[in-house]
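The next block holds one structure in the form of structure tokens; read it before the comments.
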There are 2 protein chains.
Amino acid sequence: MSLRIALLGLLTAYGSASGYDLTKGFEKSVAHVWQAGHSQIYPELAKMTADGLVTVEAEGARGRKIYSITSEGRAELRAWLIGHDPTGPARSEVALQAFLLPLLEHREALDVLERLKTHAERKLAELEALWAAKHASPVPEGASGVRFGDLALDLGIRQSRTTVQWTNDAIAQLERQA
Amino acid sequence: MSLRIALLGLLTAYGSASGYDLTKGFEKSVAHVWQAGHSQIYPELAKMTADGLVTVEAEGARGRKIYSITSEGRAELRAWLIGHDPTGPARSEVALQAFLLPLLEHREALDVLERLKTHAERKLAELEALWAAKHASPVPEGASGVRFGDLALDLGIRQSRTTVQWTNDAIAQLERQA
DNA sequence: GATTGACATGTCAGCACCTACATGTCACCT
DNA sequence: AGGTGACATGTAGGTGCTGACATGTCAATC
């Protein structure tokens, strides 16, 4: 269901776009929030067309199909944003590793934490670079006066920072026990 | 793949357990880290038995099958913990809502944020209660001197706190624009 | 003796998702 | 003319996961 929403959202932001454009959009703008490859996107667009949420506005060169959102699609998007409780299933590989860490010897556990730290730092750096890039060039504002994706990016950065801090504290805690 | 790991981990912590026990284990101890229902667990245990990672040690009353981990299973678990890079796909409904929030009117956006805040606070309270409960009764320690699941729970609590803070700041930011 | 509810295991249909396969267009460079 | 590489859309097979269906045991209560 959320893939539909992400597509409708991007389509609203873009005005109109092809499946290819949307795939690219997933690779850059929404990547840290939701992921999908073209093999998932194309069939979904077909289904959404059948459901009347989007329409093929025109067909361009190279078989390019240009989609745009319908009023039904806008309604669906709005309803989800306003009414959907975020109850996505909890599945975090990092948290699972953290959970099982006591199974390892002291030394090994420290190594794993060190690796998690590096990972988290890399992700944080990525997101901060994205932030900097976004704020270098102007980006359209939405109806609520906030720039597109800024809130999500801020959340991602905070979460990454929290994870880095956690690895630091966890490492310190383990070392105290040595 | 990670389901296997979670099952092997729980089995190690428990010593031995039935599919039913493990299902219960998923409901309480690992729930905030990884989710799985019995309809996923039973077939997976069968496959793992075929792969030699676990064995049916005994059969108890009511058709109860008691599983225990094999040395192969222990090796697999260890290899994953030590060698696996946490590259789980980024899919967060909260982040997606945050991303698309500018599509809404100012008032509506605030309502959504308020709801997200309530949600995050509820989750935080849950995890903190879990923490308190765990620390009231003794829990076995692992090889590294850390209690089972404590690190993951700490991470979860921090993440929840971060989310709550983010909602607060986002609300404040939106209100400043009114 | 019958019902209820926790214990206990399984299957199946269907959706979500991923990797790899498959096909073709067009612009640009050599 | 041929090759490369971005553009562009699709399909197919396989796994992960969910919700619903299906079945049966055992203990306790009424």
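The values are calculated or read from the model by the stated rules, or taken from the named source; none is laboratory data. These numbers come from a predicted model, not from an experiment. Cβ sites come from the backbone with ideal geometry, for glycine too, and all protein chains shown count toward neighbours. Ligands, DNA and RNA are stripped out before the accessible areas are found, and what is left, the full protein with its side chains, is counted by its heavy atoms. Shrake-Rupley method; radii C 1.70, N 1.55, O 1.52, S 1.80 Å.
Numbers at a glance
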read-out: Inter-copy label distances at B:E141 (7 Å, Cα→Cβ; nm, one decimal); value: 5.7
read-out: Amide H partners (placed H, <5 Å) of B:G88, local residues excluded; value: A:E93
read-out: Axis-nearest residue of A (beta carbon) for the A-onto-B rotation, whole Å; value: A:T162, 2
read-out: Label-point gap, in nm, between A:A31 and B:A143 - each point 7 angstrom along Cα→Cβ; value: 3.7 nm
read-out: Three-way shape label, the range A:2-83, alpha-carbon gyration tensor, a/c 1.5; value: oblate
read-out: Rel. contact order, % - alpha carbon contacts under 8 angstrom, at least six apart, chain A; value: 19 percent
read-out: Amide H partners (placed H, <5 Å) of A:V54, local residues excluded; value: A:T49, A:T70
read-out: Using θ = phi - 60° and Karplus 6.51 cos²θ - 1.76 cosθ + 1.60, couplings along the range B:91-102 (whole Hz; Gly, Pro as x); value: 9, 10, 5, 4, 5, 5, 4, 4, 4, 8, 3, x
read-out: J(HN,Hα) series, the range B:73-78, from Karplus relation 6.51 cos²θ - 1.76 cosθ + 1.60, nearest Hz, glycine and proline x; value: x, 4, 4, 4, 4, 4
read-out: Which listed pairs, of A:K123/B:K117; A:K28/A:K123; A:K28/A:K117; B:K28/B:K134; A:K28/B:K117, have C-alpha distances above 19 Å, in listed order; value: A:K123/B:K117; A:K28/A:K117; A:K28/B:K117
read-out: Cα point-scatterer Debye curve for the range B:1-49, base-10 log of I(q)/I(0) at q = 0.17, 0.20, 0.27, 0.32 Å⁻¹; value: -0.39, -0.56, -1.10, -1.59
read-out: Distance-filtered residues of the range B:89-113 - backbone nitrogen under 15 Å, label point 7 angstrom along A:E126 Cα→Cβ; value: B:89-92
read-out: Whole-number Å³ per residue for the convex hull built on Cα positions in chain A; value: 154 Å³
read-out: Added length on full extension, which subtracts the Cα-Cα distance from 0.36 nm per residue, B:Q173 to B:H135; value: 9.9 nm
read-out: Within-15-Å neighbourhood charge of B:Q35 [Cβ basis; K, R +1; D, E -1]; value: +1
read-out: Contact order normalised by residue count of the range A:2-83, Cα under 8 Å, 6+ apart, percent; value: 34 percent
read-out: B:Y67 accessible area, 1.4 Å probe, all protein chains in place, Å² to nearest 10; value: 20 Å²
